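Read the structure below first, then the notes.
The values are calculated or read from the model by the stated rules, or taken from the named source; none is laboratory data. Please read all numbers here as calculations on a predicted model, not as lab measurements. Using ideal geometry, Cβ is built from the backbone for each residue, glycine included, and neighbour counts are taken over all protein chains shown.
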Amino acid sequence: MRNQLKDWVLAVPKAELHLHIEGSLEPELMMQLADKHGVNLPYSSIDEVRQAYDFENLQSFLDLYYLGASVLRDEDDFYQLMYAYLQNCRANNVVHSEIMFDPQTHTARGIGFDVFMPGFQRAMHQAEREWGQSCFLIMSFLRHLSEVSALATLDQAQHYLDGISAVGLDSSEQGNPPEKFARVFAKAKALGLKRVAHAGEEGPPAYVWGAAKVLDVQRIDHGVRSIEDPVLMDYLLAEQLSLTVCPLSNTKLRVFNHMQEHNILELLDRGLLVTVNADDPSYFGGYLADNYLALIEHLPLQFDQLQQLVRNGFTASFLPEETKAKWLAKVDSLN
Ligand code: HPA
Ligand code: ZN
């Protein structure tokens, strides 16, 4: 039974809605690029990099994530990073993906939109051409920085907005509530961009309310702490505001101590539009399929629940309705 579920989830077309491209930087590419650019990293081998990935909380991960991103310097680095992720999508039947990137991590080092955007887009166009990969970009603001910095970033993106579907909000959650970014999200909305925000990962349900009501988001990234607020749960249910849940991330960053304690099935059974995602696959020990496999392994997941999670990935996506319907029919046909 468990094996049948695993085979099914590997074979079925899947969508991924919460993936940080900088978090897909594998240690091999990190070391190779550090070598190429003469960047000094505090690791002497690939094994040492992997051993460092033992996190206590979100911040201890973010410190290494920003350090790792420091090896990304020229257009080809960003191309290689994106193309490697998209090849992984192909190998695992992830047919559509909405990919976050953190411009401020790069602009702070003097690396501009004219470097990373052409690199990302070259890889995306190649994957579309070569095997029909579907992918969108989400430009995420770093919430530990000021709103002025986010507004400047939105300005810098002005010539690239055609290639960007949405804005997002990530980095250190506690102490940086969504309300801090009210103006920049309003401006993004006026520019026709969709909106998502990390909330309720480490932060309280009040931050999920702020993302929903003040930032007017279409999706909440993580949102697992919503369960602490029954009124919020009713709201998320009524609005079908989706949660992009990342199981391996949550256990790696100790939001839950064990996968057996994860609340994803409770959220799903309450009727919420819950999706499964990898977040930062290189740092958290697995890509999208691995996240599904971990749920099958550790939770009493039934086929109809698994199917619902996969369906939700398409339903909660920013794909046009007719494309969603096409993929949902494919998911339903694979029984
Ligand atoms: N939370 C907040 N910021 C992040 C994350 C995350 O899970 N991954 C990359 N940046
Ligand atoms: Zn994330």
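For segment 16-54, a tally of residues being away from ligand 2 (no atom under 16 Å from the Cβ) and either under 27 Å from S242 (Cα atoms) or not polar (S, T, N, Q) (or both) returns 23. When we screen P230, P204, P247 for residues that are more than 16 Å from ligand 2 (Cβ to nearest atom) and either closer than 25 Å to I164 by Cα or crowded, with 16+ Cβ neighbours inside 10 Å (or both), the only hit is P204.
For segment 74-101, the set of residues classified as within 16 Å of ligand 2 (Cβ to nearest atom) and either out of contact with any Asp or Glu (no Cβ under 6 Å at 6 or more places or on another chain) or more than 21 Å from S165 (Cα to Cα) (or both) consists of Y85, E98, I99, M100, F101, listed by residue number.
Scanning segment 78-107 for residues that are surrounded by fewer than 22 Cβ atoms within 10 Å (Cβ to Cβ) and of a type in the set (D, E, K, R) yields one hit, R90. Checked against the criteria, L237 does not count as in a loop (DSSP other than H, G, I, E, B), without any contact (Cβ under 8 Å) to a residue 60 or more places away in the chain and either away from ligand 1 (no atom under 13 Å from the Cβ) or small (G, A, S) (or both). Tell me yes or no: at least one residue of segment 305-315 is touching a Phe, Trp or Tyr at 6+ places or on another chain (Cβ under 6 Å), away from ligand 1 (no atom under 16 Å from the Cβ) and either without any contact (Cβ under 8 Å) to a residue 60 or more places away in the chain or not hydroxyl-bearing (S, T, Y) (or both). Looking through segment 305-315, at least one residue is touching a Phe, Trp or Tyr at 6+ places or on another chain (Cβ under 6 Å), away from ligand 1 (no atom under 16 Å from the Cβ) and either without any contact (Cβ under 8 Å) to a residue 60 or more places away in the chain or not hydroxyl-bearing (S, T, Y) (or both). Considering segment 253-279 alone, what residues qualify as being under 17 Å from K14 (Cα atoms) and assigned to a loop (DSSP other than H, G, I, E, B)? Answer for segment 253-279, where residues must be under 17 Å from K14 (Cα atoms) and assigned to a loop (DSSP other than H, G, I, E, B): L273, N277, A278. Do we find a residue being over 15 Å from the mean Cα position of the chain (by Cα) and either aromatic (F, W, Y) or at pLDDT 95 or above (or both) anywhere in segment 277-290? Within segment 277-290, not a single residue is over 15 Å from the mean Cα position of the chain (by Cα) and either aromatic (F, W, Y) or at pLDDT 95 or above (or both).
Might you let me know whether segment 67-78 holds any residue that is touching a helix residue (DSSP H, G or I) at 6+ places or on another chain (Cβ under 8 Å), within 14 Å of ligand 1 (Cβ to nearest atom) and either of a type outside the set (F, W, Y) or at pLDDT below 95 (or both)?
yes
Between G110, G175, G119, the distinction of being at pLDDT 95 or above, buried (at least 18 other Cβ atoms within 10 Å of the Cβ) and either more than 21 Å from D290 (Cβ to Cβ) or within 16 Å of ligand 1 (Cβ to nearest atom) (or both) belongs to G119 only.
Residues in segment 7-48 that are within 22 Å of the chain's Cα centre (by Cα) and in a helix (DSSP H, G or I): 11 in all. Taking segment 98-151 as the range and being free of Cβ contacts under 8 Å to residues at least 12 places away in the same chain and either of a type in the set (A, V, I, L, M) or in a strand (DSSP E or B) (or both) as the test, the residues that pass are A108, V148.
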